[in-house]
Amino acid sequence: MASNKKYWTSAAELKNSSIVEKLSKTEFVTEIPTEDFLGDKEALETSSTSRRDFLKYVGFTTAAVSLAACEGPVIKTIPYLNKPNDIIPGVADYYATAIADGFDFANVLVKVREGRPIKINPNKEATSNNGTNARVQASVLSLYDNNRLKGALNNKKAINYTDFDKEVVSVLDQVNTNGKKIVFLTGTMASPSIDKLLVEFKAKYPTTEHVIYDAVSESGAVDAFETVYGTRALPNYDFSKADVIVSVGADFLGDWQGGGYEKGYAANRVPKHGKMSKHIQFETNMSLTGANADKRFALKPSEQKFALLNLYNAITGQGLTSKTTPQDAAIKDAATQLKAANGKAVVVTGIQDKNAQLIAMAINDALQSQAVDLVNTKNIRQGNDAKVAQLITDMNAGTVGAIIINQANPVYTLANSKEFVAGLKKVKLTLAFATTPTETTKEVQLVNATPHYLESWGDVSITKGTYSLMQPTINKLFDTRQFQEALLSWTGNTTSYYNYLKNTWNVEILKGQSWNNALHNGTFNTVSEESTRTPNTVDLTAVASALAKTKNNALELAVYTKVGLGDGQQANNPWLQELPDPITRTSWDNYLLISRADAESWDENLKNWTVDNGALNGDLVDVTVDGITIKNVPVYIQPGQAKGTVALALGYGRTEGVQKEMMTGVNAYPLVNKVGANVTITKVAGEHEFACVQLQHTMMGRDEIVNETSLADFIHKPKQAWNPSPKFSLDHQEVDVAETDLWEKFDDTIGTHFNLSIDLATCTGCAACVIACHTENNVPVVGKKEIRVSRDMHWLRIDRYYTSEMTKERGEEEGIVGSGKYFEAQTHPEDHPEVSFQPVMCQHCSHAPCETVCPVAATSHGRQGQNQMAYNRCVGTRYCANNCPYRVRRFNWFQYAQNSEFNFNMNNDLGRMVLNPDVVVRSRGVMEKCSMCIQMTQATILQAKKEGRPVKTGEFETACTNACSTGAMRFGDVNNHDEKVAKLQEDDRTFKLLEFVGTQPNVLYQLKVRNS
Amino acid sequence: MSHYESPIRETLILGDKSYLDVSNDIAAPIEGKANRLWWIVFTIALVAFLWGLGAIIYTIGTGIGVWGLNNKINWAWDITNFVWWVGIGHAGTLISAVLLLFRQKWRMGINRSAEAMTIFAVVQAGLFPIIHMGRVWNAPWVLPIPNQFGSLWTNFNSPLLWDVFAISTYLSVSLVFWWTGLLPDFAMIRDRATKPFQKKIYGLLSFGWSGRAKDWQRFEEVSLVLAGLATPLVLSVHTIVSFDFATSVIPGWHSTVYPPYFVAGAVFSGFAMVQTLLIVMRKVSNLEAYITRDHIENMNKVILVTGGIVATAYLSEFFVGWYSGSSYEDFTYLSIGAATGPYWWAFWALILCNSVFPQLLWIKKLRRSFIFSFFMSIIINIGMWFERFDIIVINLSRGHLPSTWTQFSPTFVDISIYLGTIGFFFVLFLLYARTFPVVAQAEVKSILKSSGSQYKKEVAKQEDREYRAQGSN
């Protein structure tokens, strides 16, 4: 059908078609004067530029432009005009300082190269907290966090500190006159100089109050100590003095009461004269501590309280009110052993309940435990939950005029965060100090950007009588100001904080001793005047009856912190995100831990499964506790989890100041106070993709991989019974593996010959070495997706094995050995397994299978015993990795540095500042692996050479041995017979991994002895 | 060679062909125009090839990470495809060299194409060790050539380096041998060519063959010498490829049975591929008279024998692993662990395709059926691909330390590159079928009159009847 409709393309066409018509005829709106130009034939002819010339010019300019474009960028190296005295290019400086971020406290030694801090080492000369955990090791990268606050903010707009202070002081004065409260809400700082500053501040503003808040609170323990001894502190423990250790829910090798106990614990874990400590753990979820225990019993959070009471009753013979638990027999047994230890025994608990802590203290008192130090108490957890709760009430009531937050992120970490935010709206002055944007800085008016601890002055008193100094190791990277400087400014004190600190120390701490010395050492100790504390009497009957009232719920909640993220402060640190959890071996996530029995008994059978490429997937659930719901939490079936419990890690689900890749997991803080409460879980649609690096959890009958023995066997049986060396048939005679050799051995007794030794008895699996290695060797971060498909780049991994119920004996009993059913059963861990950790890095085999197969000889043997990798020779056939029985070689599947697909620290200028200049950043397509920190050993040799002396015993170190708090890892030259590692070679407990393959590794393991 | 016609010898060439007929038949595809079928298949192959090329460029530009590999399974489809193609490339030399030495004249109908297949397959095979390198631009470092790096040299201990020599030797010897055989045939085409350009090209290709008695005498001698040289290669190439695995320390790889077993497997898969190609080709290029049912049966017999060797090797691998009682052998590619583990499907694909289905060839009727042989050859090709996949992936996925166990799954790039090489192979083969004399006509003419013509006619009649009765299979 024909249509007579007329269509127009614009209103102009409809109304005034003449313009459109005119425009459609001419191509250009204004006339181009081509005619004027070309029409003038005369002018054209007289022009000296011919067509040829024109072409010449075009040709020349094109060539010139392309030539100019060919020049590569020049990256200039500029020498110092005036070389700073203490900086020698290529030589590292070390500064003693301390980290005190409210969660982690440690004395550290910072390695600085050309003015850049690049590595955190433990300050081994300090007497307390001289170990570094994974987070402390990784904290150097947080200095170079691209998301850091770069200046002060007022209502999210930049402001300079002069105006900032004017604003603050004027409001403070106002608040002070109105008589409203000025509240400092801070994390535990334990800083003598800040305490003094706050006193001075209070003198100026009398309504000031200081509320200390720990995100992961130990308030129960602190309150209990206060009740008994009148001081807010925590008792200190020396586990090396305990022959029997009983822990009820205390992860003391993890973050319990600020951590730092692994060294003392490890001291007594190697049998000496037939004796070693016995460690019994009662806990809910499998913690690092539980994994190391000789005996581990799973209990619900509510049952743990009864367990403590029962333990008390069994030890003292009293009859405090309690209830039965499924592990009462084990508790009785533990009580007997504790009593028998004669004061060399200790009981610790991690239950966040004052009453429970009081019982634990009473038990230690009854045991007359020598391991508890009540005098030199710990200061690193001072939070007071009651005061925090009061503060929120006050804020909402409108009695708070100003709130100043430092070293805390309450909007993220408070369970009742919403009430807090509502309260903030009623406070006139809201101010937060922060290094990076946080959930809290988003809600306050003023934000003071604080420097990282590596850019700051400061002090901390970790335990009573020990003091540590914090000193800057680099100039402030951004326009930041310390909390202390702000306090000085607000109180009208014009001295610099450095002078103030020095003065405070000289007057109050050093008392005549050298400041420079203290600064050099990083620590200073005073002798305590007191030697005992007198306890107040506590009515334990009342305590017990309160405790025994705890309800036993069907499915109870537990929360915990992981070795990686801890309380979540460093959530934007890719090293920590990528660090596989020692227990679950899963990175980039938190998840709901649930026991197999519970997962299967659930209405809708919760599952974990592997997909085609081997990666782990899991079901998703909504978790509801007391009306609070956390949505879409992945489920991880955890062996060792107490039946009837679930557990969720804190520190994940950050949303502010964290780049997209690092926004992982769910925030469990809303449930932080709900431990033991009843949990409802509902399965929801969808599945979760885990980034798990270990997909097979049992040893599949290959028990010699992580050799173990019991204390009884170790004492009474010959070595051959519990640590047999593999035998081979040579000319029809059984000979030791060391005697069979395909090749002629070259003489390795000349010069240095490195060996690395790992004691599995004292290795707790804490993973500090993994981060230390990551930092030292510029190991790239590859992200969740790559980790998921087994492309993790860690040079050092810590394998974790569970025992399986299907042993060979049982298989024989059932007559299924060798069948598919048998193998299938072997892959399943026991519900309450024994756990073994095994750090595995390149074993530096003397007969390395990787070396023979490389077509271009890119990997070959070093004269000092290492297996070396020449990156620039590598063509990337990956044959070496296939032929490595230990699977320690790591391939650069992509370009990991300066590639926006891998947007981690190596992809920005700031993040790259952490790179170790002594270690090359590997490019795409090459293989890499542990080098035994050859850059460190060579530096040690060079140093000795320069000083004209032999290398001292114990001078050789690698990043992992340096980071190992328990001394489980030892490194050295076995040709120096004084070296510890040379002696360990001959130790009866020593074995080599997969020795029967004939690779002759230069890494030794000492087997674990279980005191079971 | 005499033209004595034996009254009882079975004929090798069907139909009462004259010498001219042979020339005409062989030259027909070159002188004629390609039919539609050729164009369709060629287009598909070309598209697959270009797609694969794109995938290779993407890999080189981005990183090996675009494949499904990981730090535990560092090889998968790449080396599987490499070994598979090398294996396929085995039949050619065997047919032309070993059968020549054994004076098996039936080989003359098929040796040209079998050798062409060898060369094209080796080209595909050679591609994989190169592109699987992380830094392919440094690939020349695997060659022992003097360099500016001082004393830096290749590692002669590495089986991968042996591969470099084995493959390049095999490729060059095969190429020379093939070309020598082609000389009189190129000359024949040259002599028939009418277009000057064509004449010029074939003149060049035939190296000025004049057809004198001296030429023929030298031709015969060179063929014999080259056959002598090539025969050890039949054994050496796959022996060396098997060393990639056999000399390692990985459970399932570390196995002394590998060299003979790999050679048998290669012949097995090579003959299967020859079957696949020739059964189609004899129809498409009208070569029914030259590639006969007897050829198919003969090759099926070779397949049966080599398949038997391979099956025995499987059994021995399975038994030895099991008998060792070592828990490290519980999950190798031929073990109960593999049969019941996550790769059970790959395990059973291998057993069924390579050891169970080929047993049907014991039945004479099936052995002489073109259609059945065609399908069987496809099954064997699949089975042999799985054999290499199992050896590599299953063994690597279950290493010494259970903590390192994982799985592999291919990405679209893995699949694209594999399909790309199949495309490339067919592009080459189809071009060859249109431009090269696909049957060694000079040799074939020598056996044209060696059987009783009476007998020949009878057979021709019977063939004709069969042909009519069976229709067009």
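Derivation of every value follows stated rules applied to the coordinates shown; laboratory data play no part. The structure presented is a predicted model; accordingly, all values stated were derived computationally and were not measured. Ideal geometry is used to build each Cβ from the backbone, glycine not excepted, and the neighbour counts take in all protein chains shown.
So what's the gap between the Cα centers of the range A:855-887 and the range A:915-977, to the nearest angstrom? The two parts, judged by their Cα centres, are 19 Å apart. Taking amide H as placed 1.01 Å from N in the peptide plane, A:Ala96 has its amide H under 5 Å from the amide H of A:Val110, each at least 5 places away in sequence or on another chain. Calculated FRET efficiency, A:Thr177 to A:Thr393, Cβ-Cβ distance, R0 = 22 Å: about 0.40 to the nearest 0.05.
With Cα atoms defining each centre, the range B:318-389 and the range A:123-199 are spaced 69 Å apart in the structure. Taking other C-beta atoms within 10 Å as the exposure proxy, A:Asp747, A:Asp373, B:Asp330 rank A:Asp747, A:Asp373, B:Asp330 from fewest upward.
Length gained on full extension, A:Asn517 to A:Ser545: 4.8 nm, using 0.36 nm per residue less the C-alpha separation.
Just from its helices, what would the mean residue ellipticity at 222 nm be for chain B, if runs of 4 or more DSSP H residues each count -39500 (n - 2.57) and the sum is divided by every residue, rounded to the nearest 500 deg cm²/dmol? Could the numbers behind the result be given before it?
Values: 17 runs with 300 residues, N = 473.
Helices in chain B give a 222 nm mean residue ellipticity of -21500 deg cm²/dmol.
Taking the Cβ of A:Asn121 as the centre, find all other residues whose Cβ is under 14 Å away and add up their charges (Lys, Arg: +1; Asp, Glu: -1). List each step's numbers first, then the result.
Numbers: positive: A:Lys111, A:Arg113, A:Lys119, A:Lys124; negative: A:Asp93, A:Glu125, A:Glu776, A:Glu957.
In short, 0.
Modelled spin-label separation between A:Ser819 and B:Phe319, with each label point placed 7 Å from Cα along the Cα-to-Cβ direction: 2.4 nm. Averaging the sequence gap over all C-alpha pairs within less than 8 Å and six or more residues apart, then dividing by the number of residues, gives chain A a relative contact order of 13 percent.
The distance from the alpha carbon centre of the range B:134-189 to that of the range B:196-271 is 13 Å, rounded to a whole number.
Taking every full run of DSSP H in chain B, the ones that stretch at least 15 Å from end to end by Cα along their long axis and average 1.6 or higher on the Kyte-Doolittle scale are B:36-62, B:412-435. Partner shielding of B:333-343 amounts to 3, given as the average count of beta-carbon atoms from other chains within 10 Å of each residue beta-carbon. Label sites at B:Ile57 and B:Phe207, each approximated as a point 7 angstrom past Cα along Cα to Cβ, lie 3.7 nm apart. Of the complete DSSP H runs in chain A, those spanning 27 angstrom or more by Cα along the long axis with a mean Kyte-Doolittle score not below -1.0 are A:51-70.
Percent relative contact order of the range A:449-563, based on C-alpha pairs within less than 8 angstrom and at least six residues apart? Could the numbers behind the result be given before it?
Values: 93 pairs, mean separation 26.6, N = 115.
In percent, rounded to a whole number, it is 23.
Excluding same-chain neighbours fewer than eight residues apart, the lysines reachable from A:Lys428 by a Cα-Cα span under 22 Å are A:Lys156, A:Lys157, A:Lys166, A:Lys180, A:Lys181, A:Lys202, A:Lys204, A:Lys387, A:Lys418, A:Lys442.
The ranking of A:Thr495, A:Thr877 from fewest to most other beta carbons within 10 Å of each one's beta carbon is A:Thr495, A:Thr877.
Computed from phi, the 3J(HN,Hα) profile of the range A:840-852 under the Karplus parametrisation 6.51, -1.76, 1.60 (θ = phi - 60°) reads 10, 10, 3, 8, 6, 4, 5, 10, 7, x, 5, 5, 6 Hz, with x in place of Gly and Pro. Sorting A:Phe184, B:Phe408 by the number of Cβ atoms found within 10 Å of their own Cβ, with the fewest placed first, yields A:Phe184, B:Phe408.
If you put +1 on each Lys and Arg Cβ and -1 on each Asp and Glu Cβ, how big is the dipole of the protein assembly as shown around its Cα centre, in Debye rounded to 20? Intermediate results must be reported in sequence, preceding the final value.
Numbers: 140 positive and 142 negative charges, 572 e Å.
In debye, rounded to 20, the protein assembly as shown gives about 2740.
When the Cα positions of A:Gly676, A:Phe996, A:Ile628 are compared along the charge dipole of chain A, A:Ile628 comes out farthest toward the positive end, with charges on each C-beta of Lys, Arg, Asp and Glu. For A:Lys278, the residues whose modelled amide H falls within less than 5 Å of its own, excluding neighbours fewer than 5 places apart on the same chain, are A:Val244, A:Ile245.
Counting only other residues whose beta carbon sits under 13 Å from that of A:Gly151, what net charge do I get with K and R as +1, D and E as -1? Net charge in that neighbourhood comes out at +4. Electrostatic bookkeeping for A:Lys323 treats Lys and Arg as +1 and Asp and Glu as -1; over the other residues with beta carbon under 11 Å from its beta carbon, the sum is +1. Shielding value for B:391-403 is 6, the average number of Cβ atoms from other chains within 10 Å of each residue's Cβ.
On the principal axes of its alpha carbon atoms, the protein assembly as shown extends 125, 110, 85 Å, with the longest extent given first.
Taking 7 Å steps out from each Cα toward its Cβ at A:Lys631 and A:Glu687 produces label points 2.2 nm apart. For chain B, the alpha carbon positions stretch 72, 57, 41 Å along the principal axes, listed from largest to smallest.
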